[in-house]
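Following: one structure in structure tokens, then a few remarks.
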């Protein structure tokens, strides 16, 4: 180990506190096994290592040091995996003259060997995911490959370590990197409740609960690619990398997670201004499920690099996109940007106002009139009206394939959306509707939007009505049958 001195010494304590018969440090055994469980959400790694130790009958001292590392000193624990009934930890001492070090005073009822386990938290080790997607020339399916990369900046080198990667979010009382910088002499002074909560929520919940055996040995013969075993827990998923890996400090290592060679793809065009800006974008949609060949585990946050086969034994680059955690059964949505072969236009055909309410100055009287001329005194003021706008959503498809388009438009205020086609409320202020356009074809989605203003407004939401919208000809507007004008007074 390069940057961290970790020694375990067994020493017989004589009367009067004098140490004798020290074991030569050169004979102290190294790690027998080491396991890393990496939690990205809190920059947290649980380290579990075992060593085969020789004990003498009577008092023994075990020394543990974490110099130049990011180990959390409050999380260090010692456990006896063998002959635990004959070994007892009397106390843990943090010497004031030796920072980043502790001693365990152990009493042994036998002279011989036993395996011990040391567990602790450290920060500085993280992992990331990345994906390579290659769509076929016809864009009906794609290959989807997943990789994980482990980054070690903890200050310690871990040799032949079993690596487990946790997908999910955890919550701790403290940040491990902050705890790691607490002077050793101050560790016993941490508030008892805070320390106990940290240990109970961390060690008890993670060490005991996530007990796992090492992955099966690789098949004999030629070295096979590393695989990752996925195990579902109630709150997280753990990816266990097959075999062991040496992860030097300051290094990164990339490993394959899984491959789906023929995942089916659906293409959809979307207009969602809040998500993609004011433009129509082209999407690849996949589903993270077993039927699509994607397996039975969620996908962690990562970067997707997307390509397409060009039919000439080459690849065309399409996009790079960051994706968030994708649960089992959720869609994988890949944004390819705008398609120049599809023209998307919103055209306003007409705008007018009606259902106007007037208030007369000096008297509390309101008049409501229709589209005709207003015969009111100059002192009257408008306090309510309905504003009508007639639009057509024009989409022209110049590509060689039929396309599907989904549109979402949001409106503020008390609004009625009227159209002859099917539409739904995505939320209280957003209308969603879909259409399909043949290759080389065009559609016009005629609709009108009525917004009630002033005293006419009753609620802040969009109401959808199914019916014919106004139509426009070269001679003007052909309207629906008008509603007879009404006049009313309110006091």
Which order do 144, 258, 121 fall in if you start with the one that has the fewest other Cβ atoms within 10 Å?
-> 258, 144, 121
Separation between Cα centres of region 391-461 and region 336-352, rounded to whole Å | 12 Å
Going by C-beta contacts inside 10 Å, put 468, 338 in order with the fewest on the left.
-> 468, 338
Kirkwood radius from Cα pairs of region 262-337 plugged into Stokes-Einstein at 4 °C, 1.567 mPa s, gives D in µm²/s equal to 95 µm²/s
Over the Cα atoms of region 80-138, compute the convex hull volume and normalise it per residue, giving Å³.
-> 175 Å³
Counted neighbours (other Cβ, 10 Å), sorted fewest up, put 69, 435, 463 in the order 463, 435, 69
What is the Rg over Rh value, at two decimals, for region 409-453, using alpha-carbon atoms and the Kirkwood definition of Rh?
-> 1.04
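Since every read-out is calculated from the coordinates, none of them should be taken as a lab result. None of these values were measured; they are calculated from a predicted model. Here the Cβ is made from the backbone with ideal geometry for all residues, glycine too, and neighbour counts use every protein chain on show.
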